[in-house]
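Following: one structure in structure tokens, then a few remarks.
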Amino acid sequence: MDVARTEAADAELVRMIECRSRKGEVDSDEFEPFYMESVRRYNARRREENRLAWCDYFERLAACLRRRAEEYDQRAQTLMESEREETA
């Protein structure tokens, strides 16, 4: 066994690993199937959580706007009634 050759190969591997870790590069072929399935499930769960959060937000916004519209309708009705009373 050639020690110098082994050390050179080790040094090359270390250099390649350090370079790739700095760049953040990973071949998609290197991912294990169970890891990719885990990532897919995680992303699907996050999308669903975000979708539900947006639905909740817009439901609350719609309810607030409905209450505000009812309030304005009541104010307008009151003003119209007071105007009728003044002209009568």
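Values quoted throughout were computed directly from the atomic coordinates according to the rules given, and no laboratory measurement underlies them. In this text the structure is predicted, and so the values were computed from the model without any measurement. Counting neighbours? That spans all protein chains shown, and the Cβs are built from the backbone with ideal geometry, glycine included.
Computed quantities for the displayed model
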read-out: Calculated FRET value between residue 40 and residue 19, using beta carbons and R₀ = 25 Å, to 0.05; value: 0.30
read-out: Charge dipole (region 3-87, unit charges on Cβ, about Cα centre) - positive-most of 82, 69, 43; value: 43
read-out: Simple Cβ-charge dipole of the chain, Lys/Arg +1 and Asp/Glu -1, about Cα centre, in debye nearest 20; value: 80
read-out: Efficiency of FRET between residue 54 and residue 32 - r from beta-carbon atoms, R0 30 angstrom, step 0.05; value: 0.35
read-out: Nearest 10 degrees, 0 to 90: helix 3-23 Cα axis against the chain principal axis; value: 10
read-out: GNM top mover of 63, 76, 11 - the chain, alpha-carbon springs below 10 Å; value: 11
